1. Can you give the extra length, in nm with one decimal, that the chain gains between residue 106 and residue 362 once fully stretched, where that is 0.36 nm per residue apart less the Cα-Cα distance?
2. Can you give the extra length, in nm with one decimal, that the chain gains between residue 208 and residue 232 once fully stretched, where that is 0.36 nm per residue apart less the Cα-Cα distance?
3. Using only the Cα atoms of the stretch 262-403, what do you get for the radius of gyration and for Dmax, in Å?
4. Going by alpha carbons, how many degrees (0 to 90, nearest 10) lie between the helix axis of 22-34 and the longest principal axis of the chain?
5. Expressed in nm to one decimal, what extension gain is obtained for the pair residue 177 and residue 20 from 0.36 nm per residue of sequence separation less their Cα-Cα distance?
6. Taking Cα centroids, how far is the stretch 1-72 from the stretch 135-151 in Å?
7. Kirkwood-based Rg over Rh for the stretch 180-258 (C-alpha set), two decimals?
8. Tell me the relative contact order for the stretch 180-258 as a rounded percent, counting alpha carbon contacts under 8 Å between residues six or more apart.
């Protein structure tokens, strides 16, 4: 039977919405892939009574609990006190922990405040977990059914401590069979359409299906039990990808992580030794921003209007947007920059249409390649920020489809 785990987040800033609990999300993903069943996410503010009560409940209902937050030096950091009160484990000073905290400050030429001494006190019988990335050490202990792990709430510190120290302990304490998470990453298709295409493929009862929609992509997640035959996994994934079509730009978890849209493009561009120039309008420089630091993007430019673009390139362009105009622009840019590929994005509709939520624009994407010209046209509406982001994504996906030999001429 798979062990059960609960994630417990502490902090007033979490329950009031001032801070997003990214720790719980990250931990869930890590623990599920290790082979745990996530039973609950619980969040409590800085209230000693509430913390004490919840710790007692958790100790009776789950096999493991990973807690984050409440280990700092200030009065609102109550984790150690709450554990001591909940389980009758008096706090005592750990001299080795105090020395490490003191060394942390002296190594940075800073004086240690007296309040930091509080971080070196642990409940009786707790195992100290050293923090090489900050001042707050963690600790672990067994109480009733549950093995508790208490980690700092700073995401960087928490992730490093979990990866370096906790995963090994979890594997030693629990019989884990890692489930296999396959993520189909797609763009240009919504959750409902994905569901329709997936419904035609019978999924085994043991396979868990889920979706995650974001601004840049939609992810279809398939969680396979640890003992699933790999050939069965591959066949099912291939069938699903075939049904979804070339909206899928990456598959994570089958062989290796393929990554984001730009990550996939980067791999393909470097494999083929290609270079790119980009001319943006509706996306307003966002294509270049998404590709920042990529060695194959040699030139990028943004123009608000066709008139500005005409002046910049010293071209006599008609006021009506067309693919013919886009081709003229692409050829001019290629003469100037000498890149293998030129991506030109234009849009039909004035600046007012771009800015107005209720008005749509028509996006023209043209890609000049060594094999010839490729074109794509699409309609777009919504807020200006949405039009900007979607037009950048459409252009990048247009490039991706060409690189994967899926683009339409």
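We did not get these values from a lab; they are worked out from the coordinates using the rules stated. These numbers come from a predicted model, not from an experiment. Positions of Cβ are generated from backbone atoms using ideal geometry, with glycine treated the same way; all protein chains shown enter the neighbour counts.
1. 86.1 nm
2. Roughly 7.2 nm would be gained on extension.
3. 14.2, 42
4. Here the helix axis deviates by roughly 80 degrees.
5. 53.5 nm
6. 12
7. 0.93
8. RCO, the stretch 180-258: 47 percent.
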